[in-house]
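Mind looking over this structure? Questions follow.
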Amino acid sequence: MFISVLDLFKIGVGPSSSHTMGPMVAAKNFRSRCLQFIASDGGNRPLHIRCTLKGSLAFTGKGHATDRAVILGLNDYTPQELAKEDVNKLVDDLSLRTAIDFNGVDVLFSPADDIVFDRGEPLPEHPNGMIYQLMDLTGKTVLQETYFSIGGGFISTLAEISQLVAPIKMEITNSCGYPFENANQMMKMSTDSGLSVAAMKRSNELERVSKEKLDAGLDAIWEAMYMCIQNGLTTEGILPGGLKVQRRAKALYHQLHEKPQQANLNDWLCAYAMAVNEENAAGHMVVTAPTNGAAGVIPAVLYYSVKHEGTTHEQVRDFLLVAAAVGGLIKHNSSISGAEVGCQGEVGSASAMAAAGLCAIKGGTTEQIENAAEIALEHHLGMTCDPVGSLVQVPCIERNGFGAIKAYTAASLAIRGDGRHFMSLDNCIAAMKQTGLEMSVKFKETSLGGLAVSVTEC
């Protein structure tokens, strides 16, 4: 099994990888298909586009900016291109238009009418479904594609999803030199080869890209994470969406700097993680780590390690490689999608990845790294995804801080042990998957249960 670290960590915009970035990628893909159809059809008849959002995308799409993502994707934008743009102004301008330019051919599209939030039965293949249609003016569909946003900004078509053995696209087992499909294989390969997890992951990557491209990609990921924290620590105000949630990271960071003798590890980690997720909630640049909803955990732990513990540039790269190795195992054997398994698959996965990365750069053995990831994931099992108001704000922002704290604690516990422990990471991942399957749909990013319906309005 192989999934690249450069695919797992993607620079984009908030507030959601599955509800914003994925639908944007799908919309852009459908745009490409429309262009091919128009070219073959001659572009001589008026055409009209419609997007129908299903399942979780319908229930929480408004709060997660799914409609904005559809508009942007159909207008040929990607999440990466928007990372430093004024997205709000761009969407406002595009929303006023009644047609989209397809290389000189205007195709009718009115966002208010042509993005449909269908809260009926979800598509059976996946809770994050969307149907794109290109129609003529009689209402006849001339081109149609169904997409699924399968977590972390990845998408699958209807034809592709039935071929996936896990909720992610990945390459076959023998596609790399160290093709571990689970944690037990990872530990055995490490023992047999004498290589660390970071070294095995790097070797697999270098079979596909040059050392220069890999290192540049890793550096770009870390620079984006670093910038996101910096932006969050220097910005204040009310987050968009209607809940009137106040940004807190800047004030917290200021307090810690004024009285550092009273600050502890937990305070710093929360400030850094909340800074990222406040930026995500504002729709600004973040890195999927492995999702937007969990984007603060890994940057917070890594930033703390760099700023407070002297982690080197090369160690940052190793941290990201090890985190990606563990993230790939979770993706392959379970899910990182809140709509599939709840927040245990988002913040839980991020915490496990961060714990593994931190343990590695602190000198942990492969067995200790596996133990660190298991401890962090175990203590997120059963966590629901129940965002208030369909927004990635409450409880998501604070939850990333606690995920970072658990990650650091898990790495510390593992380092002090010898790697031997009762519950394996593989069993923990399997438990997360089964828990997600048995979890009510109310608690899987639909805002139909839990905290989402426990708010008293005065």
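Taking K213, is it touching a strand residue (DSSP E or B) at 6+ places or on another chain (Cβ under 6 Å), assigned by TED's automatic domain parsing to the domain that holds T366 and surrounded by fewer than 20 Cβ atoms within 10 Å (Cβ to Cβ)?
When the stated conditions are applied, K213 does not pass them.
Scan the range 308-328 and tell me whether some residue there is under 17 Å from E398 (Cα atoms), touching a residue at least 60 places away in the same chain (Cβ under 8 Å) and crowded, with 24+ Cβ neighbours inside 10 Å.
Within the range 308-328, none of the residues are under 17 Å from E398 (Cα atoms), touching a residue at least 60 places away in the same chain (Cβ under 8 Å) and crowded, with 24+ Cβ neighbours inside 10 Å.
Still on this structure, please answer the following. Quick one: in the range 428-458, of everything that is touching a residue at least 60 places away in the same chain (Cβ under 8 Å) and basic (K, R), which residue is farthest from K62 (Cα to Cα)?
Among residues in the range 428-458 that are touching a residue at least 60 places away in the same chain (Cβ under 8 Å) and basic (K, R), the one farthest from K62 (Cα to Cα) is K433.
Would you say A263 is surrounded by 13 or more Cβ atoms within 10 Å (Cβ to Cβ) and without any contact (Cβ under 8 Å) to a residue 60 or more places away in the chain?
Yes: the conditions hold for A263.
Return the pair list, or none, for Cβ contacts closer than 6 Å from residues in the range 222-245 that are in the same structural domain as M285 (by TED's automatic domain parsing) to residues that are assigned to a helix (DSSP H, G or I) and surrounded by fewer than 21 Cβ atoms within 10 Å (Cβ to Cβ), at least 6 apart or on different chains.
Filtered contacts from the range 222-245: L233/K250; E236/K250; L243/G389.
A further question follows. Answer yes if at least one residue in the range 228-242 is of a type outside the set (A, V, I, L, M), part of a helix (DSSP H, G or I) and surrounded by fewer than 18 Cβ atoms within 10 Å (Cβ to Cβ), and no otherwise.
Checked the range 228-242: at least one residue is of a type outside the set (A, V, I, L, M), part of a helix (DSSP H, G or I) and surrounded by fewer than 18 Cβ atoms within 10 Å (Cβ to Cβ).
Of the residues G293, G283, which single one is part of a loop (DSSP other than H, G, I, E, B), touching a residue at least 60 places away in the same chain (Cβ under 8 Å) and under 20 Å from Q344 (Cβ atoms)?
Of G293, G283, the one residue that is part of a loop (DSSP other than H, G, I, E, B), touching a residue at least 60 places away in the same chain (Cβ under 8 Å) and under 20 Å from Q344 (Cβ atoms) is G293.
Can you pull out the residues in the range 331-342 that are closer than 24 Å to R317 by Cβ, within 13 Å of the chain's Cα centre (by Cα) and in a helix (DSSP H, G or I)?
K331
The values are calculated or read from the model by the stated rules, or taken from the named source; none is laboratory data. Note that the coordinates shown come from a computational prediction; the quantities given were computed from them, not determined experimentally. Don't worry about glycine lacking a Cβ; one is built from the backbone with ideal geometry, like all the others, and counts go over all protein chains shown.
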